[in-house]
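Scroll down for the structure; my scribbles are underneath it.
The values are calculated or read from the model by the stated rules, or taken from the named source; none is laboratory data. Here the structure is a predicted model, which is why all the values come from computation and not from measurement. Cβ atoms come from the backbone with ideal geometry, glycine included; neighbour counts cover every protein chain shown. Surface accessibility is based on the protein's heavy atoms, side chains included, excluding ligands, DNA and RNA. Shrake-Rupley method; radii C 1.70, N 1.55, O 1.52, S 1.80 Å.
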Amino acid sequence: MTSKRETFGNHMEETSFRKATLADIQEIKDLFANTVLTVNRKDYTEEETADGAACGERPGHWERLIGNLHFIVATNADGHIMGFAAIRSDGYLHSLFTHKDHQRQGVATRLLRLMESHAMANGAKTITSEVSITARPFFEHNGYAVVSEQKAQANKLRMTNYKMAKNLNTHHENL
C-alpha cells in the first residue's frame, strides 16, 4: 500500500501500511490484548482491562473484521505489526490500536489519516467511532468531538467509552 520512512523521536523507522490478512490474526490478537492490558490500565481497572482484552478472543472475531472491513496494518522494517485500524465504508471506525511499544510515534495518526481518506473516497461525510477513555484525547487532538458518553458492553462488563464523530467535509485539508 504505502511505505514511508518516518522520524520518531531520535530514530528513524521504516513504516509500511498494507491490508491485513488472515495470516496476521495471531499478531493482531496479541497486539490488541497487550495494548489493552498495559496502555488502558491508566484509565480502567485491572478487571476492566482483562475483560476488554478478552473481547479479542471471540471465535471468528478477527476473521469477520478482516473479511468485512477496510482493515490496515502498519508494519516496521522487520514486518512486525506496530498498529492496525479498521473502518466500514460508511465511516464507522471500528478499531484503531497501536502496539504498546510504539505509542506516541505517529503510527496511530498515520493509520487514522488512511482511514479518513478511505471513508472520504467511499462518500462518507462523517466518521464515527466508540473510543476508550484512554483514546479520547488522541481523537480530540485529531478533530473529533464527543457525541456522548456511554456504557458499552465489553466481554462481560459494561465500561465507559465515548461515541465520537468528525465531519470530513470541514477537515479534509488535514488529510
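Any chance you could count how many residues in segment 100-112 are open to solvent by less than 40 Å² (accessible area, probe 1.4 Å) and outside any helix (DSSP H, G or I)?
2
If you check Ala135, Ala119, which single one turns out to be in contact with a Leu (Cβ under 7 Å, 6 or more places away or on another chain) and surrounded by 17 or more Cβ atoms within 10 Å (Cβ to Cβ)?
Exactly one of Ala135, Ala119 is in contact with a Leu (Cβ under 7 Å, 6 or more places away or on another chain) and surrounded by 17 or more Cβ atoms within 10 Å (Cβ to Cβ), namely Ala119.
Conditions (1) assigned to a loop (DSSP other than H, G, I, E, B); (2) within 20 Å of Glu27 (Cα to Cα), marked per residue:
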{"residue": "Arg64", "(1), (2)": "no, yes"}
{"residue": "Gly79", "(1), (2)": "yes, yes"}
{"residue": "Phe84", "(1), (2)": "no, yes"}
{"residue": "Thr134", "(1), (2)": "yes, no"}
{"residue": "Tyr162", "(1), (2)": "no, no"}
Cross-chain or 6+ apart pairs with Cβ under 9 Å, segment 60-82 first and loosely packed, with under 14 Cβ neighbours inside 10 Å, then hydroxyl-bearing (Ser, Thr, Tyr) and assigned to a strand (DSSP E or B): Ala77/Thr15; Ala77/Ser16; Gly79/Ser16
Filtered residues of segment 74-121 (kept if of a type in the set (A, V, I, L, M), farther than 21 Å from Ala165 by Cβ and touching a helix residue (DSSP H, G or I) at 6+ places or on another chain (Cβ under 6 Å)): Ala74, Ile81, Met82
Within segment 28-50, considering residues that are among the acidic types (Asp, Glu) and farther than 16 Å from Val131 by Cα, the one surrounded by the fewest Cβ atoms within 10 Å (Cβ to Cβ): Glu46
Scope segment 69-78; condition of a type outside the set (Val, Ile, Thr) and modelled with pLDDT of 95 or more; matching residues: Leu69, His70, Phe71, Ala74
Test: residue in segment 89-98 that is in contact with a Gly (Cβ under 8 Å, 6 or more places away or on another chain), free of Cβ contacts under 8 Å to residues at least 60 places away in the same chain and crowded, with 17+ Cβ neighbours inside 10 Å: yes
Residue within segment 116-126 that is under 28 Å from Ala50 (Cα atoms) and not β-branched (Val, Ile, Thr) present: no
Some residue of segment 114-121 being under 24 Å from Gln153 (Cα atoms) and touching a residue at least 24 places away in the same chain (Cβ under 8 Å): no
Residues satisfying the stated conditions in segment 123-170, i.e. among the hydrophobic types (A, V, I, L, M, F, W, C), in contact with a Gly (Cβ under 6 Å, 6 or more places away or on another chain) and either without any contact (Cβ under 8 Å) to a residue 60 or more places away in the chain or under 15 Å from Tyr92 (Cβ atoms) (or both): Ala124, Ile127
Filtered residues of segment 132-175 (kept if modelled with pLDDT of 90 or more and of a type in the set (D, E, K, R)): Arg136, Glu140, Glu149, Lys163, Lys166
